Amino acid sequence: MKVRDMMTTDPISVRGDTSLKEAARIMVRHKVSGLTVIDDVGRLIGIVTEDDFLRREATRDRPYRLSLLDALFGDGEESIPVAETVADVMTDKVITIAADAVIGEAARLMATRNVKRVPVIGDDGKLVGIISRADVVNAFTKPDDVVEDEIREDIVRRLLFLDPDTVEVNVTDGVVRLGGELENRTEVHLLEELVRRIVGVVRVDSELTYRFDDRKIEGSSPI
């Protein structure tokens, strides 16, 4: 499954000059924890999240303390600039992903970079969607019959060019059981690996057999 299959295709976005108050209202109104920031032509320039607002509030009183120190001791230190727009607090180095990437890649990005959402970018650099942790989790709620159909039609028939009737497929709570006899060991191994990569598959129990071991043929000495 690709990112494009699970992403939100119309993410809620703001401009860099949007006020922080308006951005906060939008987040509350739409019940989201982050907003993508785009320029006038739709290119991604940043992202603003709840964490940015928290950091803003945590430093709200710092300029006043510095001003008081300046007044008392005259050290000339400048006050911290007050943030008013999204551009003042947003993260401009954003982790992104392509629409044709697999869901697993998006999951790894979120896990390794500790982010809750990843903007999806087109070839022209414009924002085309956003994928979140919730979207990845939802992918694993795929019904068993849908997983079974994907195995039979997309993998067995279209990728491996095999007759679906030659493979026994049973899916229960995401656990796939495979049976039947294939032509060679490579077909068995390939089918098992492709099934494991399907989003929504928890485990693969295989009882597949093969008629001959193609590894022995490749490694045999010429007569």
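Every number in this text was worked out from the coordinates using simple rules, so none of it is lab data. Note that this is a predicted model, so its numbers are computed, not measured. Don't worry about glycine lacking a Cβ; one is built from the backbone with ideal geometry, like all the others, and counts go over all protein chains shown.
Each of 50, 207 was scored by other Cβ atoms within 10 Å of its Cβ. Listed from fewest to most, they are 207, 50.
Phi-derived couplings, Karplus 6.51 cos²θ - 1.76 cosθ + 1.60 at θ = phi - 60°, listed residue by residue for segment 159-170: 8, 9, 6, 10, 6, x, 5, 7, 10, 8, 10, 9 Hz, with x used for Gly and Pro. Note on residue 93: aspartates and glutamates with a C-alpha under 14 Å away, same-chain residues under 8 apart excluded, are 52. For segment 144-219, averaging the sequence separation of C-alpha pairs within contact (under 8 Å, six or more residues apart) and dividing by the residue count gives a relative contact order of 30 percent.
Each peptide among 96-105, 115-124 gets the average number of other Cβ atoms lying within 10 Å of its residues, and from highest to lowest they stand as 115-124, 96-105. Look at 33, 206 and count the other Cβ atoms within 10 Å of each Cβ; fewest to most, that gives 33, 206. Placing unit charges on the Cβ atoms only, positive for Lys and Arg and negative for Asp and Glu, gives segment 144-219 a dipole magnitude near 340 debye about its Cα centre.
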